Structures are given as structure tokens and as C-alpha cells.
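The values are calculated or read from the model by the stated rules, or taken from the named source; none is laboratory data. All figures in this text were calculated on a predicted structure; none of them were measured in a lab. Positions of Cβ are generated from backbone atoms using ideal geometry, with glycine treated the same way; all protein chains shown enter the neighbour counts.
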Amino acid sequence: MTKTLFKAYQLIPNSKRKKLPGFFSYSFVNTILDFISLALLIPVILILLDKERVKTVFVEYFDVELNNVLTIVLLLSLISFYIIKNLVQTLIIKKQARFIYSISSEISRNLMKKFIYDNFSNYNKTDKSSFFRDVFQLPVVFSTNILSSYYTIFSELIILIVIIIISAVYKPKITLLASLFLFFFVVVLLWLKRRKLNFFNKIIVKLYERNVKNITNILQGFVEIKSTRTEMNFQNVYEASNIEHNEQLALQTTFKQTNSRYFEIFIVIGLSVVIIFFMFSSEVVNVSVLLSFFAGISIKILPSFNKVLNAYVSIKSNKSCVDLLSNYRFTEKTKINPLKFESNLKLNNISFSHGKNVLASELNFTVQKGDFITISGKSGEGKSTLLQVMAGLLKPINGTIELDGLNIYSDENIFNFIGYVSQQPFLFQGSVLDNITMLNNEALNLEYVNKLIKELDLEDWLASLPNRLNSELLIESKTLSGGQKQRIALARALYFKPEILLLDESTNQLDDRLEKKIFNFLKSLTDSKKVTIVAVSHNNTINDYANKRYVLKNQKLNIKHE
């Protein structure tokens, strides 16, 4: 529990830790208001039990006679106080809830920032379903079930301790007896539930992750599932994992809510103990006062114990959330100065591999400004990997990359002067314009966007859309042809005006007419040295536009002879 608390504290961002004293000061205000309300409630209960004694107290201490009018005024005042108190506490709770969930937002933000700014190798190693769980679910679980629970334990324990101290001053023997009994009751209850707590801690997170994986499989493999007529198989797998996940959530909810049932047993036993205690005690007590006092504190003390117990259960059954989030290491990325491609890019004695399979050994390759280079070769020879090494996405086994005579290193993040179009174009849920500008609309160059639309022959398709550039595209939209996706991806890459554009089979879904039109446009850009192109392709048509042609074979890059 202490270790989990320390880890939870470490997970709170520094900007939020500074605000913790203010957060807990609100808790202190809440506690004071609860005690005042409790103190005011005891005389009301006493009025119901022994009105004459209350009248005597008013005359003796305040020299005022308690009549019906004064009683009504006092009750209305009490009601007003409770209304104001609860309004104030509602505002406090709202402020505290916003603070706790702002921590969730910042943790989620930091996780996404780490992921999106991380290097390509780590991206390839990341389990995407687990990451989805970590960035979307775990920060909320952390705030809801860990931070909120620790806050509940802190605030309710203060109330319980003060109530026990006051009770001990008033009736030390019975308070000690009740406290020991309550402590014993809670310890036994937690001991009986310990195995279930550990079980929930492990199983809930795993089942959620399995659900996400099954959903991802269906979303990404829709066509393949249809073509193999295996819909029922994937539906059954998802349904089984989803049912199991919800069953465990139901059991966890039941597990928490049954605590109050156990406290009912405790109340009955506690009252019996009080009665038996006074049956055999020689002490003379005013039963009305005693019952009023203990009835008043019971209104607060029993729900408080229930809250503390539920909070403890939440922490123990969600401990894995803290452990998983603690595995992330947030470090500031080293700022890399932007590079400028002036003359040439050289790969010197470069070797690279895919896993343990060496794809290139001591490869040398030079790209001059304004080149239009094509690279061909059999599947699996390493053409795409070569482009990724050139882009800075992958670190070679050995060798260096030179830019205009200067050794450069990217920390496996793409070089700023490189544009890259992969084999599978990425489209996201957003407008056509957003997909071209990648949400970079602050300095929007609409004239250039329209020029690219025209040159890449997207005008007719765009005219068919209801809102043209502002028309929404769905995630990995199946309503677009492969050729349309490739041209949008090309427009995106060119919009950012890269100095070197790497194309990985980026036109293989276009017909001959479109290919030739686009190649002519790309050739005009290289001729004017506005861009330099290195293209991997099996298409012989593109070779007609290239000034250098290479073939990757047997780990070597050789000039292609016609």
C-alpha cells in the first residue's frame, strides 16, 4: 500500500504536485463543515428523545426558554446551514474532481507525446493494443480508482480519528471497545477478501487489453474476414472476451457494494455490545444523551468506514494500473538542429538488417540535388529498409550518412529535409484538406493545395464530394480507391516541400495515363531542383523519367544497365 502510494505520487506531474497543498486544504474545509453539521445534528436527535432535558439546557446555559417558535426557527436555521454547507461542498467536490481528472489528462498527454515523438524502432516494438489501453483507459483508472481513493482514505480517516477522540473523551471505555471491535472487523473482512483483490488487480486490465486487440483485428481485417467468410469466428472470439470482461466488472462492483451489507451486521453487533456493556456496568448514564451522541456519530462514522474500505478495495484491485504507468520513462528529447540539403547526401559503407537477416553490406550510395533515382529489386531484398535508413528512421548496423560532407544522425527520427510516402498511404478521420496539410492550417497555402490537386489529377474526384476540400474522410476509408489514396498521400508529401522525396511503391495503384501525368509533374520538380526524388518501384515506366537507375541485389546496390 505504501509502495503503491509512492509510485502514485511519482506519477503525478510536477505541475500538479505543486497544487496538492491547496487540494488538501479543500479537504480540511470539508472536514470542518462535516464536524459542524454533526455537532448541530446531535441536539436535534436529543430533542426527539428528551425534549425536557434540552429545555433545561437552554434555560441553564442561554437563559432562553425553548418553545415551539424557537424550535422551528432553530430547525429552519439548521436546514439553511445544511443547504449552504452542501452547496459549498458541492463546489469543493467539483473543483477537486476537475483537479484529479486534469492529472489524468496530463498523464495521457505525456504518454501520447512520448509515443508520437519517439523513434521508429520503438514504434515497431510497441504493442498498439496495449498502448491504446495505456493512453486511453489507464490514466482515467488511475485518477478514478487510485487518486480519488487515496483522497477518500485521507479525508475520511481525519474525520474518523477526530470522532474517535471526541468519543473517547466522552465515553473512553465504550469507545475503546467499539474501536477495537471495528478494527478487528475490518482486518478480518480484508483478509477474507485478499485473494479476490489480487485477482481483480490482474484480470481486469488483461481482459480490457484482449477486448481492444479483438476489436482492432476486426477493424483492420474486415475485407479478409469477409473474403474468407470467417465473420462468425471473429464475432465469437470478441463476444467471449467481452462477456468475460463485463462479468469480471460486475463481480468487482458487487465485491465493492457488499461492504455496506457487512457494516449492517456490525451495527447490530455494536448496539448489542453497548446494551450488554451498560447492563453489567455500575456507571449511571443518561440514556437519551448517550443514544443521541452515538446516533449522531454513527451517521458519519459508519459511512466513513465504508468509504475507506471501498477506497482500499479500489486501490488494491487496480494496483496494476500504477505498475503499468510506472514502467514508462518520460525524458526530454534532445533538440536536433534543422538540416539543409544543399548539394548531396551520401551513404558510406552502410550495412543494415531486418531482424537477424542482413539486407545490405557496406553499401555506398550518393544522391545529388535534382536527381530522379529509381531503385528496383526482388521482394525481400531490403529496398523499403534502405529508404528508411536514408530517411533516418532506422539506424544502420555500421557506416555513416553524410549531408554535404557533414556526418548526420537522426536518433531514428526522420530527417527534417526528407519527405516519405509509404506503400500503404495513411488517411485519418478528418477533411480532405486536413489529410493534405496534416492539421497544419495556421499558415495554410490554399493556392499550393489547389495546384497539387490539379497536377495530381484529383479535381474531378474532389468536385464529386459534397464539400470539396472540407469533405470528411473516414479512418482508413474503403470508399476511396487505392490510386486516390496514393495521390492524396503524394499531395501531402509535396505540400510540405521536402528537399528529398522518398517514394516506396507510391504509384503502383495508378493506371498508365495517371502514372505518366504524375511522373511528368515530378520530373519537372526535379529538373528545376525544387525536389530530389528516390523511388522504389517495380514499374519500368518510371525508369524513363529517372536520371539514375539502381538495382538492389545480394546486399549490394548496383547501377542498372538497360
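Side notes on the structure shown:
- If the condition is being farther than 20 Å from residue 491 by Cα and in a loop (DSSP other than H, G, I, E, B), then segment 514-545 contributes 538, 539.
- Just so you know, in segment 181-233 the residues that are loosely packed, with under 13 Cβ neighbours inside 10 Å and aliphatic (A, V, I, L, M) include one that is modelled with the highest pLDDT, and it is 232.
- Restricting attention to segment 1-31, the residues being farther than 30 Å from residue 328 by Cα and either surrounded by 12 or more Cβ atoms within 10 Å (Cβ to Cβ) or among the polar types (S, T, N, Q) (or both) number 6.
- Residue match in segment 450-457 (condition: surrounded by fewer than 19 Cβ atoms within 10 Å (Cβ to Cβ), in contact (Cβ under 8 Å) with a residue 24 or more places away in the chain and either assigned by the TED database to the domain that holds residue 377 or among the aliphatic types (A, V, I, L, M) (or both)): yes
- Residue in segment 75-98 that is surrounded by fewer than 16 Cβ atoms within 10 Å (Cβ to Cβ), under 19 Å from the mean Cα position of the chain (by Cα) and on the phi < 0 side of the Ramachandran plot present: yes
- Exactly one residue among 357, 349 is outside the structural domain of residue 185 (by the TED database), without any contact (Cβ under 8 Å) to a residue 12 or more places away in the chain and either basic (Lys, Arg) or more than 30 Å from residue 157 (Cα to Cα) (or both), and that residue is 357.
- Residue match in segment 134-141 (condition: part of a helix (DSSP H, G or I), within 30 Å of residue 183 (Cα to Cα) and in contact (Cβ under 8 Å) with a residue 60 or more places away in the chain): yes
- Of the candidates 363, 393, the single residue that is assigned to a loop (DSSP other than H, G, I, E, B), touching a residue at least 12 places away in the same chain (Cβ under 8 Å) and of a type in the set (A, V, I, L, M) is 393.
- Note on segment 327-345: residues that are surrounded by 14 or more Cβ atoms within 10 Å (Cβ to Cβ) and at pLDDT 85 or above amount to 4.
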